[in-house]
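Comments concern the structure below.
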2 protein chains.
Amino acid sequence: MDIIKVKANSRTAAVAGAIAGVIREHKHAEVQAIGAGAVNQAVKAMVLATGYLKEEGVYIVAVPEFVDVEIDGKVRTAIKLVIDPK
Amino acid sequence: MDIIKVKANSRTAAVAGAIAGVIREHKHAEVQAIGAGAVNQAVKAMVLATGYLKEEGVYIVAVPEFVDVEIDGKVRTAIKLVIDPK
């Protein structure tokens, strides 16, 4: 299962569709974002995905975590939203 | 139960303490943030609160929602994190 990586300029509807698709297939999704703009897009996308999946009787919840990721040789702290059905 | 309101310049440790305290008392907490910087602080605070509460055997999860709030006569869209024990 691939981690869904979100940027500050990611479209929320596209990310929401990805979250819903991964939840449907794997019953588990992980969304990674670095920086305030990206974290905000990730959370907004989860609101939309929650709406999509609710229509199918699936209620998702998130547990956020810190994760260290290496980008261009530098370690940065990302937020990972671990999303599962309730 | 009061909603915990987070700003972009809120200290994450203070917000985390508030989340943990409200969860201990009410088994339910709501955190409201407007704007990317505030949402980021809210999510980071929840990571810290998750760590505090895990030591007490309490595992929290979040469902984010959009809420319209009126500030100085203008309607703005906030993110509300609805937090409950798993």
* Counting only the heavy atoms of the protein chains, how much of B:Phe66 is accessible to a 1.4 Å probe, in Å² to the nearest 10? -> 90
* With +1 on each Lys and Arg Cβ and -1 on each Asp and Glu Cβ, and nothing else charged, work out how big the dipole of the range A:14-61 is about its Cα centre, in Debye to the nearest 20. => 80
* Debye log10 I(q)/I(0) at q = 0.08, 0.10, 0.16, 0.20 Å⁻¹ for the protein assembly as shown, Cα point scatterers -> -0.22, -0.35, -0.92, -1.41
* **Percent accessible area from carbon and sulfur atoms, chain B, protein chains only, probe 1.4 Å** => 48
* Asked: Ballpark to the nearest 100 Å², how much total accessible area do A and B bury together, probe 1.4 Å?
  -> 1500
* Asked: Any idea what log10 I(q)/I(0) is at q = 0.15 Å⁻¹ for chain A, Debye with uniform C-alpha scatterers and no solvent?
  -> -0.49
* Would you kindly find the accessible area of A:Leu81, with a 1.4 Å probe and non-protein molecules such as ligands, DNA and RNA excluded, rounding to the nearest 10 Å²? => 10
* Asked: About its Cα centre, what dipole magnitude does the range B:4-85 give when the only charges are +1 on Lys and Arg Cβ and -1 on Asp and Glu Cβ, stated in debye to the nearest 20?
  -> 240
* Asked: For helix B:12-26, what angle does its Cα long axis make with the longest principal axis of chain B, in degrees from 0 to 90 and rounded to 10?
  -> 70
* Which FRET efficiency value, to the nearest 0.05, do you get for A:Thr77 and A:Glu55 by plugging their Cβ-Cβ distance into 1/(1 + (r/R0)^6) with R0 = 30 Å? -> 0.30
* Asked: Where the centre of each part is set by its Cα atoms, how far does the range B:5-24 sit from the range B:45-61, in angstrom?
  -> 12
* Structure fact -> Dividing the mean separation of Cα pairs under 8 Å (6+ apart) by the residue count of chain A yields a relative contact order in percent of 33
* Kindly report the accessible area of the protein assembly as shown per residue (heavy atoms of protein chains, probe 1.4 Å, no ligands, DNA or RNA), in Å². => 52
* What translational diffusion coefficient, in µm²/s and rounded to a whole number, does the Stokes-Einstein relation yield for the range B:39-86 at 25 °C and a viscosity of 0.890 mPa s, taking the hydrodynamic radius as the Kirkwood radius over Cα pairs? -> 203
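The values are calculated or read from the model by the stated rules, or taken from the named source; none is laboratory data. Just so we're clear, the structure is a prediction, and the values are computed from it rather than from any experiment. Glycine gets a Cβ as well: all are built from the backbone with ideal geometry, and neighbour counts include every protein chain shown. SASA here: full protein model, heavy atoms, side chains in, ligands and nucleic acids out. Shrake-Rupley method; radii C 1.70, N 1.55, O 1.52, S 1.80 Å.
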